[in-house]
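Engineer: One structure, pasted below without further comment.
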Amino acid sequence: MKLPPKRLITHDRLRKAIQELILEMDWPAVTVQDVAQKASVSVGTFYNYYQSKDEALADIRACLTDLMRRDLGALLATQESVEKRIALLVKYFCNLINNKPSWASYFFKAERFSDRIDGGLSYWLVPLILEGRHFERMHFDSPEIAANYIENGLFPLLKRFHMEQTQVTELQSHQLSMITLASLGLHGESLEVAVQQVCPVTPLATLPVSIFELERQLLGFS
């Protein structure tokens, strides 16, 4: 089997090192020297790939955002109603806290969703709110404001569960989903049915992950 180019291998090593440091430390405390040492490369080699530490983080965020979007997109596509998809979106992040500790650490060591996902939670919420408005299920002049309101309220609650190393109970997961849906003006039996859904624990890769191997899998290589 043909080996990948040395540059690709080194880049992958840097990306894994960055992920490890994000999980171990607060990013502002991480230095370029820390990244280079973790990856077993020189500082000069780091600058062959990134102009700055923040650019390195942005690269990892973009890679992992793509993984999250594929994973969540497949999950949300299993439901037709907008309220069920919104409930699943909330429960998905509850599941990360309960069952995916490396991902929970990745997200909730940050200060907001957008620090870890390009576009934040609003990337999924805004289209769902627009769909709800189209079918007259929701009424908002600005779906962006509604999405930001939910995102900024949900993140600190989930972060607290993670920081306190507390599981999100099934009842709490239902309640967080219900509060989210109620804040969008949804009510009645359809809301009750939506929040009772059980969200599967989807097969996200465990962090740190090889971006090179992940891309090979997504392209269908063995």
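Engineer: Examine the stretch 119-137 for a residue that is at pLDDT below 90, in a helix (DSSP H, G or I) and exposed (fewer than 13 other Cβ atoms within 10 Å of the Cβ), and state whether such a residue exists.
Structural biologist: Yes; the residues of the stretch 119-137 include at least one that is at pLDDT below 90, in a helix (DSSP H, G or I) and exposed (fewer than 13 other Cβ atoms within 10 Å of the Cβ).
Engineer: Only residues that are loosely packed, with under 13 Cβ neighbours inside 10 Å and either polar (S, T, N, Q) or part of a helix (DSSP H, G or I) (or both): list them for the stretch 193-212, please.
Structural biologist: Residue satisfying the conditions is 206 alone.
Engineer: So, one more: Would you point out the residue of the stretch 176-203, among those that are over 15 Å from residue 128 (Cα atoms) and in contact with a Cys (Cβ under 9 Å, 6 or more places away or on another chain), that is modelled with the lowest pLDDT?
Structural biologist: Per the criteria, the residue is 199.
Engineer: If you go through the stretch 163-173 one residue at a time, do you hit one that is crowded, with 20+ Cβ neighbours inside 10 Å, among the small types (Gly, Ala, Ser) and touching a helix residue (DSSP H, G or I) at 6+ places or on another chain (Cβ under 8 Å)?
Structural biologist: Yes, the stretch 163-173 contains at least one residue that is crowded, with 20+ Cβ neighbours inside 10 Å, among the small types (Gly, Ala, Ser) and touching a helix residue (DSSP H, G or I) at 6+ places or on another chain (Cβ under 8 Å).
Engineer: Also: Kindly establish whether residue 114 is surrounded by fewer than 20 Cβ atoms within 10 Å (Cβ to Cβ), of a type in the set (Ser, Thr, Tyr) and over 21 Å from residue 19 (Cβ atoms).
Structural biologist: Taking the combined requirement at face value, the residue does not satisfy it.
Engineer: Is there any pair with a first residue in the stretch 30-59 that is at positive phi and a second that is surrounded by 14 or more Cβ atoms within 10 Å (Cβ to Cβ) and modelled with pLDDT of 95 or more whose Cβ atoms are under 9 Å apart and which are 6 or more apart or on different chains, and what are they?
Structural biologist: Partner pairs satisfying both residue conditions: 40/13; 40/17.
Here's the yes/no breakdown for (1) in contact with a Ser or Thr (Cβ under 7 Å, 6 or more places away or on another chain); (2) of a type in the set (Val, Ile, Thr); (3) part of a loop (DSSP other than H, G, I, E, B):
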site: 64; (1), (2), (3): no, no, no
site: 89; (1), (2), (3): no, no, no
site: 110; (1), (2), (3): no, no, yes
site: 117; (1), (2), (3): yes, yes, yes
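The values are calculated or read from the model by the stated rules, or taken from the named source; none is laboratory data. Predicted model only: the values in this text are computed from it and were never measured. FYI the Cβ positions are ideal-geometry reconstructions off the backbone, even for glycines, and counts take in every protein chain you see.
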